[in-house]
Amino acid sequence: MSQDTILLLAGITLMYSTPMVFAAQGSVISEVSGVVNIGIEGMMTIGAFTGAAIGYFSGNPWLGFICAGIAGALFGLIHAFASVTCKADQTVCGIAMNLIGPGLALFLSRVFFDGATQTHPVTNKIPKLFGSRGLPGSLNNLNVDMTTLIALIVSILMIYIFYFTTWGLHLRAVGEHPAAADTLGINVYKVRYICVTISGLLAGLGGAAMTLAIVPQFMPTAISGQGFIAIAAVIFGKWTPHGGYLACLLFGFAQALTVVLGGGSFAVPSEILAMLPYVLTILILILFVGRASAPKANGVPYNKGSRV
Amino acid sequence: MESLRKKFFSNPFVLTIIAIALGFCVAGLILLLAGYPPVESIRTLVESMIGRPKDISSVIIRSTPIIFTGLGVAFAIKTGLFNIGAEGQYIMGCVVATMVGSMLDFPKPVAVLMVFASAMLVSALYAGFVGLLKAHLGIHEVISGIMLNWISLYFSNWVCNLAFFHKPGTVGMYPVNDCTYTMILPAWKRSEEGQAWLAQYPVLKETLGRTDVNIGFVIAIIAAFVITYLLNHTRKGFELRAVGQNIHAARFAGINVNRSIVHAMMISGMLCGIGAASYITGQSPHTVSTLSAFENVGFNGLAVAFIAFSSPIGCLFTGLLFGGLLYGGAGLQSRVGAPTEIINIVIGVIVFFVALSYLIPRFVDRLDASRLNRKRAREAKKAQKAKKG
């Protein structure tokens, strides 16, 4: 394998993994605080649409990026209200988010873009890390989108918050044993509200990282499974920010491998190659992960005064 | 003390109706904000669903596969499993049914049975694999299910493009042979004699003559009753439910928990497989085409099961509602111009309110309690007055 191929693989890996990294960090923070958020996919879709639409109308990709985060956060807030305040079944509510998110995104797309389910391409995409001139030769493969760097920064920030701040300790306590956290004066509801809203925010950013950087527009297939894969990555990464980040990279790598191998004169049909990332995930789960170690109170609504 | 009102508002049926009503209200609001007439849109939607006999017949046909995946998901929920892999199991069922059906040339009952059996078997095994991973390795069924969904999608596309199965000039496989059809009198109704007979009965002509009326819905009704019986009146069903409600207690009681999980998944997958076989044998185009994205039959099954509070009999009705909305949504777009995606919003909002619906009995409870308190206070006041006087 030549140096060019390796750089190409690295570039595509980083490109594909970026939206998933945002979503995975969103999933981690929600699940560690004890709220299952299976609605990440729907929140990503609404973010993807908002990002592309605002990016198109304003001509400013960063404004689109921020608005996508806000749109995702709104959905996160609804999920938080249902699962924290109303103590609803979090999985059912998440599925509802996955139905409403894409439904609303396509509905709005038809309303704002003359009945089309895809938006017009944005004029300005999010810039590349090293500008439009890029790097010399095949090194240019590493001239990835700015969002890739932001995803890395978000991940590092998450690790810092989780393990080096008091608030991170609080949030982990809330997910493991909310009653104990409550007796120590931690406001369980408030922590969960913040975490689920941030979860939506990050999912929205992840969606926009797709439609403002990788493809320049929103379409029905823009977000197809990345949210679910991010959730899988979090479980694979044992509910840690760094584990989630690495799992996303691995998944991106598997997809990059598909692209690179598919381009050459390779004997395997493209459909079989396309299965590779998913087969790989299952194999890795079988071989290396073992019993999952979810946060103990994950998915259980907290009733003030209850003993568990 | 339970008031009659609380009993009424704790009934899943009543709660579903409330959730559905709220779903339409929110959809109406969104339509209003987007500049479409809400009342007229929803009336058009309902009209396109049940306006003509042909529509009703089409809705039933459209609903059948969703009812089956809904039944599969509902069964899994009753046994404590979240079968998000229903989509993949349905796709596998479709592919296998088409593969087998396009090769067979047997007398009708044998051919139909073989297609159903092969689809059921493969879907059950595909789901059983998820169960095995969960039971023995502790891999969550949602994760393996999602991965297997994607694998089945690409497997389906791969089979579609195999030289042996690919029908030249199309994007799909060779359709299944006539001997596997499960429509009612498919050849007769197109014959001259059949046409002449149908012409005498306009309603039959519109339904039987114009749409793929098939036996799938009847099988769905039977399946719903069978799994209700299985769950509630057999030893196996008791074991499966016990594992679903408290895995530790079930293990302590001597139930083989691992085997139960695998069996529950297999039955759930098998139901998706029946749905797939009934779709392939009962509805044109009787084949599988290359998929660019999921067709959501399995995912819609999740919503169907949730809205039915995972009651198998309830799935029959929510499945019909769901199929009706999908079918009517197209009419809405062509007649009022409102985007058909409003349907997904309606369904999503219904599911959302189903998740919240248990709040209603509590709210009624609180209402009752405060009313009781007021009544007591009044009586106490009266008693005091009587004392003074």
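What follows draws every value from the coordinates through simple rules; no lab data is involved. A quick note: this is a predicted structure, and the numbers were derived from the prediction, not measured. We place every Cβ from the backbone using ideal geometry, glycine too, and count neighbours over all the protein chains shown.
Where a ≥ b ≥ c are the square roots of the eigenvalues of the C-alpha gyration tensor, would you call segment A:184-290 rounded, which needs a/c under 1.5, or, failing that, prolate if a/b is larger than b/c, or oblate?
Note, shape of segment A:184-290 comes out oblate.
Per-residue Cβ counts within 10 Å, from other chains only, averaged over B:128-138: what number is that? Neighbouring Cβ atoms belonging to other protein chains average 2 per residue here.
Backbone amide hydrogens, once placed in the peptide plane, bring B:N214 within less than 5 Å of B:I184, excluding anything fewer than 5 places away on its chain. For segment B:37-337, the number of Lys pairs with C-alpha atoms closer than 23 Å, counting only pairs eight or more positions apart or on separate chains, is 7.
Hydrophobic, long helices, defined as DSSP H runs whose alpha-carbon span along the helix axis is 30 Å or greater and whose mean Kyte-Doolittle value is at least -0.5, occur in chain A at A:3-32, A:90-112, A:188-209, A:241-263. Peptides B:160-169, A:123-132, B:66-75, ordered by how many other C-beta atoms sit within 10 Å of their residues on average, highest first, read B:66-75, A:123-132, B:160-169. Charges were assigned to the Cβ only: +1 to each Lys and Arg, -1 to each Asp and Glu. The resulting dipole of the protein assembly as shown about its Cα centre is roughly 3320 debye. Counting Cβ atoms of other protein chains within 10 Å of each Cβ in A:86-94 and taking the mean gives 6. Residues considered: B:M92, B:M183, B:M270. Largest GNM mean-square fluctuation over chain B, using C-alpha springs under 10 Å, is found at B:M183.
For A:K128, the aspartates and glutamates whose Cα comes closer than 17 Å to its Cα, not counting residues fewer than 8 places off in the same chain, are A:D145.
Suppose a student asked you for the relative contact order of segment B:37-337, using Cα pairs under 8 Å spaced at least 6 residues apart; what percent would you report? The partial results should precede the final answer.
Numbers: 562 pairs, mean separation 123.8, N = 301.
Relative contact order here is 41 percent.
Can you check what the net charge comes to around A:T117, using other residues whose Cβ is under 9 Å from the Cβ of A:T117 (Lys, Arg +1; Asp, Glu -1)? For residues surrounding A:T117, the net value is 0. As an equivalent ellipsoid, chain A spans semi-axes of 32, 23, 18 angstrom, where each value is the square root of five times an eigenvalue of the C-alpha gyration tensor, largest first. With 10 Å bins beginning at zero, the pair-distance distribution over Cα atoms of segment B:65-213 amounts to 11, 29, 29, 21, 8, 2, 0 %.
Over chain A, Cα pairs under 8 Å with separation of 6+ residues give a relative contact order of 36 percent. The value for segment B:179-291 of Rg(Cα) / (2.2 N^0.38 Å) is 1.58.
The three principal axes of the C-alpha atoms in segment A:1-92 carry coordinate ranges of 56, 35, 18 Å, sorted with the longest axis first.
Working ranking of peptides B:252-261, A:242-251 by packing, defined as the average number of other Cβ atoms within 10 Å per residue, highest first, is A:242-251, B:252-261.
Mean 1/r over all different Cα pairs, inverted: what Kirkwood radius does the protein assembly as shown give, in Å?
By the Kirkwood definition, the hydrodynamic radius is 26.9 Å.
Shown here are the Rg and Dmax of the Cα trace of segment B:287-389, at 24.4, 88 Å. Between A:S17, A:S27, A:S138, the Gaussian network model of chain A with springs among Cα atoms under 10 angstrom shows the greatest mean-square fluctuation at A:S138.
Largest GNM mean-square fluctuation among A:V268, A:V279, A:V174, using chain A with Cα springs under 10 Å: A:V268. In order along segment B:31-46, phi translates into HN-Hα couplings of 4, 4, 5, 7, x, 10, x, x, 5, 5, 4, 5, 5, 4, 4, 5 Hz, rounded to whole numbers, per the Karplus curve 6.51 cos²θ - 1.76 cosθ + 1.60 with θ = phi - 60° and x for Gly and Pro. Can you tell me the orientation of helix B:297-307 relative to chain B, as the angle in degrees between its alpha-carbon axis and the longest Cα principal axis, to the nearest 10? Tilt relative to chain B: about 20 degrees. An ellipsoid equivalent to segment B:37-337, defined through the eigenvalues of its Cα gyration tensor, has semi-axes of 33, 23, 19 Å when rounded to whole angstrom and sorted largest first. Each peptide in B:354-366, A:62-74 receives the mean, over its residues, of other Cβ atoms within 10 Å, and ordering these scores from highest gives A:62-74, B:354-366. A helix-only calculation puts chain A at -22000 deg cm²/dmol for mean residue ellipticity at 222 nm, using -39500 (n - 2.57) for each DSSP H run of at least four residues, averaged over all residues. Counting only other chain Cβ atoms within 10 Å of each residue's Cβ, the peptide A:270-277 averages 5.
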